[in-house]
1. Report, in order of residue number, the helices in the chain meeting two criteria: a C-alpha extent of 30 Å or more along the helix axis, and a mean Kyte-Doolittle hydropathy of at least 1.6; treat each whole DSSP H run as one helix.
2. What is the range 36-97 by shape, rounded, prolate or oblate, if you read a ≥ b ≥ c off the alpha carbon gyration tensor as root eigenvalues and call it rounded for a/c under 1.5, prolate for a/b larger than b/c, and oblate otherwise?
3. Can you pull out the trypsin sites (Lys or Arg not before Pro) in the range 51-132 whose DSSP state is coil and whose Cβ has at most 13 other Cβ atoms within 10 Å?
4. Rank 199, 2, 153 by how far each Cα sits towards the positive end of the charge dipole of the chain (+1 on Lys, Arg Cβ; -1 on Asp, Glu Cβ) and give me just the farthest.
5. Over the range 37-104, average the accessible area per residue using a 1.4 Å probe and give it in Å², no decimals.
6. Looking at the chain as a GNM with Cα springs under 10 Å, which of 126, 141, 255 has the largest mean-square fluctuation?
7. Treat the chain as a sphere of radius equal to its Kirkwood radius over Cα pairs and apply Stokes-Einstein at 20 °C in a medium of 1.002 mPa s; give the translational diffusion coefficient in µm²/s, rounded to a whole number.
8. Relative contact order for the chain using alpha-carbon pairs under 8 Å, separation at least 6, rounded to a whole percent?
Amino acid sequence: MAFLHLPQLGQIHYHEYGTGSKPMLAFHGYGMTGRQFEVLQKSILTQYRVYSFDHFFHGQTQLNNWAEQQILNGMPKSLMRAYLEEWFKQHGGQQRISLMGYSIGANLALVLLEDFAEWVDEIILMAPDGLSVYKGFNFLMHNPAGKLLFKTVTKSKWLAPGVLNGLKKVKFIDESLYKIAYSEMDTPQKRLDVYYTLNLIKQLQPDVVKITNRINEHGIKCHLVFGQHDMLFPKSSAQAFINRLKYPQVHEVPMGHWLVTTQLDEYLVNCKI
């Protein structure tokens, strides 16, 4: 097992796999662990040595004695620098890296890119959060009524299923998103983990203007992969970000939000990412 030991945060567990030689730091989606990208055997893992981090409240990553209010205030972006600084210490000083993120994990990859663009060769973003303001998350994280609703649903034994059913009925989410969300909120501990996770990362909102400028300035390869049927983070929500890039590599696959699968692996091989 490998960890980054960061006194201000805690013990950040990461998985190391892949037969390639190029280092890639990767950040998984909600409800998964750093092993999520192991299915990309024929594409990413033949090119890269992947260092994939468990999020807090996932896997074996643990916060160091953070009080609940500190969690609810959110982790400042400045602490993301410590991830890469400590990784550099463990793996031989500053060197060229690539980044990868899926869903909410894209936020962490993009925040690292803000500060370390000069060291990044390539970034791969799959169904990425962080390229525009997602109104649902913004309401729950920053609006007083939304924060109260989120807290109430978290503490209630019956409200979460009712809210999800209502969202599905008005077609705010589809059946696949409903199943994913329900499976992550069907016990008190799971609801608390959702609540803490989304609050902890709420300050990790990338500066998309700064990031696109740095991608263009440093000639960073930028691959964006979207599901054609993704209702959560579709291509349309990222169009302004895409338009700011000089040479974006944009891919749409006939899938929903659940992208990191063997089907995607085959697609990435065929399009030679």
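The values are calculated or read from the model by the stated rules, or taken from the named source; none is laboratory data. Everything numeric here is computed off the predicted structure, so don't read it as measured data. Here the Cβ positions follow ideal geometry from the backbone for every residue, glycine too, while neighbour counts run over all protein chains shown. Just the protein is used for accessible areas: all its heavy atoms, side chains included, with ligands, DNA and RNA removed. Shrake-Rupley method; radii C 1.70, N 1.55, O 1.52, S 1.80 Å.
1. Span-like helices in the chain: none at all.
2. Taking the square roots of the gyration eigenvalues as a ≥ b ≥ c, the range 36-97 is oblate.
3. Hits after loop and neighbour filter: 96.
4. Farthest towards the positive end: 153.
5. Per residue, the range 37-104 has 42 Å² of solvent-accessible surface.
6. 255
7. 112 µm²/s
8. 21 percent
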